[in-house]
There are 2 protein chains.
Amino acid sequence: MKYLTEFNFRRGYIIYPTLVVVVGVFDDNKRANFMSCVWNTALSFEPPLYGVSISPKRATYDLVLNKKAFSVCFYPFEKSKDVEFFGTYSYRDVNKSENVNLTKGVKLDVPIPLDAYAVLECSLFDYKTFGDHTLFVGEIVVIHYDENSTYNLFEMPVLDLNKKKPVLYLGNGIYLTVDEKTILNLRK
Amino acid sequence: MKYLTEFNFRRGYIIYPTLVVVVGVFDDNKRANFMSCVWNTALSFEPPLYGVSISPKRATYDLVLNKKAFSVCFYPFEKSKDVEFFGTYSYRDVNKSENVNLTKGVKLDVPIPLDAYAVLECSLFDYKTFGDHTLFVGEIVVIHYDENSTYNLFEMPVLDLNKKKPVLYLGNGIYLTVDEKTILNLRK
């Protein structure tokens, strides 16, 4: 093992690959915006919470604070180009929902893109700044899922990897996905 | 798309797969403990921060609060059984470091398992409870990496997927890894 005591964490790609999600939010003119977010994680079972870390420099930061609701969208690997687009272009410059087929949340005014295999409808539960990003914590009030790319396990939808695969991010605009043939069940 | 307005998020496996890390911490008797943590994410570039979400029910919760330092360990897929072991057994019942070859951090008193391909040496920067888990935020002071399973990009180590692969968690004791043949560079 070697080590670094001085480093630029902007190049800390050693922590990847990991799952990238897309944060959706409406502006005051009912235009949907989408931002890819590689720093994301579930945070609580009860209440069900999901966190997305967003830089204050991003337009999405102000949109989420204003709307107090957002969607967390899980895109399939075949739509990686959309994920890269949502991550590199800004709301300030382009209408990122122009080519997105979407519906609205059933409980909250959040965009539900139909290309996603799952979408969490979230109300803003809390937020806290850690360093140069702010963690927005959403309470999940509705789980949307594509019934054609999921199956039921314990009465809950689970992604069917033989039908769709998740988008993993490797850093620097590079994406990949999983190999379902490597699945190991270690809790038989 | 279908949706659920009532659900048990303990079975919310639709959010997986994602990268699972292992949190390492020493107790007051210098015994190392390791706990797998699927709810984890980077949180800031400057200062470099990494968050791990831990239930107050876990022994690791008290160990981290007491020690105020921990390691975030990235295990290779070939060691998935260790990750499952670290996630299902408790410090209270077994010595989880008994069969782990490890060294100590160079700046902090944290365990560095030699089976990991990367380890972040973290001091406790902040922590905050969201729902039924607490997010422990570590400031990364040293990045350890296995020079035989990484290569350099922008003077920083990057995992060489042809040599080692990350451990992704699918829920319910099921693991898998990535398919490096699917790599897409979308920012050429």
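Is it the case that some residue within the range B:67-78 is of a type in the set (Ser, Thr, Tyr), out of contact with any Asp or Glu (no Cβ under 8 Å at 6 or more places or on another chain) and closer than 26 Å to residue B:91 by Cβ?
So far as the range B:67-78 goes, no, none of its residues is of a type in the set (Ser, Thr, Tyr), out of contact with any Asp or Glu (no Cβ under 8 Å at 6 or more places or on another chain) and closer than 26 Å to residue B:91 by Cβ.
Out of all the residues in the range B:56-74, which are open to solvent by 20 Å² or more (accessible area, probe 1.4 Å) and of a type in the set (Ser, Thr, Tyr)?
B:61
Select from the range B:129-173 the residues that are within 18 Å of the chain's Cα centre (by Cα), open to solvent by 40 Å² or more (accessible area, probe 1.4 Å), at pLDDT 95 or above and facing another protein chain (nearest Cβ under 9 Å) and list them in ascending order.
Those that are within 18 Å of the chain's Cα centre (by Cα), open to solvent by 40 Å² or more (accessible area, probe 1.4 Å), at pLDDT 95 or above and facing another protein chain (nearest Cβ under 9 Å): B:139, B:165.
For the range B:57-84, enumerate the residues that are of a type in the set (Asp, Glu) and over 20 Å from residue B:161 (Cβ atoms).
Here is the first cut: in the range B:57-84, the ones of a type in the set (Asp, Glu) are B:62, B:78, B:82, B:84.
Of everything in the range B:57-84, those that are of a type in the set (Asp, Glu) and over 20 Å from residue B:161 (Cβ atoms) turn out to be B:62, B:84.
Among the strands (runs of 3 or more DSSP E) lying completely within the range B:1-53, list those that include at least 3 residues that are at the interface with another protein chain (Cβ under 7 Å from one of its Cβ atoms) and without any contact (Cβ under 8 Å) to a residue 60 or more places away in the chain. Outline the logic, then answer.
Working: elements: B:2-4, B:21-26, B:32-37, B:40-44.
Passing ranges, in order: B:2-4, B:40-44.
For residue A:106, which of the numbered conditions (1) open to solvent by less than 40 Å² (accessible area, probe 1.4 Å); (2) aliphatic (A, V, I, L, M); (3) within 8 Å of chain B (Cβ to nearest Cβ); (4) farther than 16 Å from residue A:19 by Cβ fails to hold?
(1)
Quick check on this structure: which one of B:169, B:175, B:89, B:145 is aromatic (Phe, Trp, Tyr) and within 19 Å of residue A:171 (Cβ to Cβ)? Write out each step before concluding.
Details: B:169 fails: within 19 Å of residue A:171 (Cβ to Cβ); B:175 fails: within 19 Å of residue A:171 (Cβ to Cβ); B:89 fails: within 19 Å of residue A:171 (Cβ to Cβ).
Going through B:169, B:175, B:89, B:145 in turn, the sole match is B:145.
Take residue A:100 and tell me if it is within 20 Å of residue A:167 (Cβ to Cβ), in a loop (DSSP other than H, G, I, E, B) and more than 7 Å from chain B (Cβ to nearest Cβ).
On the way: within 20 Å of residue A:167 (Cβ to Cβ): yes; in a loop (DSSP other than H, G, I, E, B): yes; more than 7 Å from chain B (Cβ to nearest Cβ): yes.
Yes; evaluated as a whole, the condition is true for this residue.
Go through (1) open to solvent by less than 30 Å² (accessible area, probe 1.4 Å); (2) without any contact (Cβ under 8 Å) to a residue 12 or more places away in the chain for residue B:176 and report which single condition fails.
(2)
Enumerate the pairs (first residue in the range A:135-153 and within 13 Å of residue A:47 (Cβ to Cβ) and in contact (Cβ under 8 Å) with a residue 12 or more places away in the chain; second residue anywhere and of a type in the set (Lys, Arg) and open to solvent by 10 Å² or more (accessible area, probe 1.4 Å)) with beta-carbon separation below 7 Å, excluding pairs fewer than 6 apart on the same chain, so at least 6 apart or on different chains.
Final answer for the pair search is A:141/A:107.
Would a scan of the range A:58-66 turn up a residue that is assigned to a strand (DSSP E or B) and within 26 Å of residue A:176 (Cβ to Cβ)? Step through it out loud before you land on a result.
Let us first name the residues in the range A:58-66 that are assigned to a strand (DSSP E or B), namely none.
No: the range A:58-66 contains no residue that is assigned to a strand (DSSP E or B) and within 26 Å of residue A:176 (Cβ to Cβ).
The values are calculated or read from the model by the stated rules, or taken from the named source; none is laboratory data. Just so we're clear, the structure is a prediction, and the values are computed from it rather than from any experiment. Glycine gets a Cβ as well: all are built from the backbone with ideal geometry, and neighbour counts include every protein chain shown. Calculation scope for accessible area: heavy atoms of the full protein, side chains included, ligands and nucleic acids excluded. Shrake-Rupley method; radii C 1.70, N 1.55, O 1.52, S 1.80 Å.
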